[in-house]
Amino acid sequence: MSRLRKKAQKKAPSGVESARLKSLEAEMRKKNGAARLAREKRRDSRIDEEDKVLIELLTNGRPPADKTIINALTKDVSPGGVRLLTDVLLPVNTLLKMEIVLSQRRRQVHAMGVVRWAHSMYEEEMFEIGIEFTQISPDDKMLLLEHTYKKRG
């Protein structure tokens, strides 16, 4: 056999190397799993629910002169934010004011928020958007707390 072929052939790992590889793989899986769990941890309990939402875009914390209203539906709701479905892509860090109509309670929640993430769905025709509340009255926050925990229980 030529020297080049011998170099190209891979040597099977020894017992020590094999054990070390398995240990490193397990460690990587553990780290990746912990990172994924850390990303998915939420401060608040969420409920899957479709409610109507009216969104008003803000510029420097205030509505612009040419007021734009966007319609959306909630996919899930929590006291800390909402996941929406809409036909308008809202860029990350967009400030907005919203009115959420909790249809089962026949109540409205008013809040200001910031877009934290956005994903395209249905070939760029619909978008799923994650919004974190930045300002919400204590009464509206309590309403959302009661709403999410009563619906879960």
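Take E146 and tell me if it is closer than 17 Å to N71 by Cα and at pLDDT below 95. Criteria not met by E146. Considered as a group, the residues in segment 103-136 that are within 28 Å of N60 (Cα to Cα) and in contact with a helix residue (DSSP H, G or I) (Cβ under 9 Å, 6 or more places away or on another chain) include one that is surrounded by the most Cβ atoms within 10 Å (Cβ to Cβ), and that residue is V109.
Remark: S103 matches the filter, which requires a residue to be under 17 Å from L85 (Cβ atoms), in the same structural domain as L57 (by TED's automatic domain parsing) and hydroxyl-bearing (S, T, Y). Residues that are part of a strand (DSSP E or B), modelled with pLDDT under 90 and under 16 Å from R105 (Cα atoms) within segment 47-77 comprise I47, D48, listed in sequence order.
If you go through segment 116-143 and pick out every residue that is at pLDDT below 90 and either touching a strand residue (DSSP E or B) at 6+ places or on another chain (Cβ under 9 Å) or not assigned by TED's automatic domain parsing to the domain that holds R105 (or both), you end up with 1. Within segment 102-129, the set of residues being out of contact with any Leu (no Cβ under 8 Å at 6 or more places or on another chain), in a strand (DSSP E or B) and closer than 15 Å to L54 by Cα comprises H110, A111. Taken together, E123, E99 contain a single residue that is among the acidic types (D, E) and closer than 18 Å to I47 by Cα, which is E99. Only residues that are loosely packed, with under 14 Cβ neighbours inside 10 Å and either hydroxyl-bearing (S, T, Y) or in contact (Cβ under 8 Å) with a residue 24 or more places away in the chain (or both) were counted in segment 64-77, giving 1.
The values are calculated or read from the model by the stated rules, or taken from the named source; none is laboratory data. Predicted, not measured: the structure shown is a model, and the values here were computed from it. Here Cβ is always computed from backbone atoms with ideal geometry, including for glycine, and neighbour counts include all displayed protein chains.
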